[in-house]
Amino acid sequence: MLDWLAQNQFLLLWLTVFSILMFLGTLVLVPLLVVRMPATYFAHRHREERVMARRHPVVRLLLEVFKTLLGLILLIAGLLMLVLPGQGVLTILMGLMLLNFPGKFRLERWFVSRPAVYHAINWLRRRAGRHPLIL
């Protein structure tokens, strides 16, 4: 194992830099997204029509492909970070939220409805002067 680490120092350096950037990015992006989310985002059992659905089909396809590729990259990086330095679980969650799969909205709604998560989200929203989320 030590031989492998010695031979792959460059890879470990890049994974460490990526991990630090992901951590700093989550410190900025997660609160920003939580505050910008409409209070009624989780109020309905099914997701409302997305803004992307009204875009030109070619633009929508390109955005979906980009979003899916980014989600897969984050998912794979998160799995690697489970055994390497980094925020593995958080990166996996971010990757899953970018991917489209059946039951995704129900999973998001379940996660947000956990008391600790719900209170943390509403604390951030209250500090930003926004209404609490309606579940």
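In the chain, excluding the sites themselves, the longest stretch lacking any of the trypsin sites (Lys or Arg not before Pro) that are in a DSSP loop with at most 10 other Cβ atoms within 10 Å is 51-135. The residue among LEU80, LEU69, TRP14 whose Cα reaches farthest toward the positive pole of the charge dipole of the chain, with charges on the beta-carbon of Lys, Arg, Asp and Glu, is LEU69. Pair-distance distribution P(r) for the chain, from all Cα-Cα distances in 10 Å bins starting at 0: 11, 31, 35, 17, 6, 1 percent. Among the DSSP helices (H) of the chain, those spanning at least 24 angstrom by Cα along their long axis with an average Kyte-Doolittle hydropathy of -1.0 or more are 9-36, 57-81; this is a geometric and hydropathy rule only.
Bear in mind these aren't lab numbers, they're just calculated from the coordinates by the rules spelled out. None of these values were measured; they are calculated from a predicted model. Cβ: placed from backbone, ideal geometry, glycine included. Neighbour counts: every protein chain shown.
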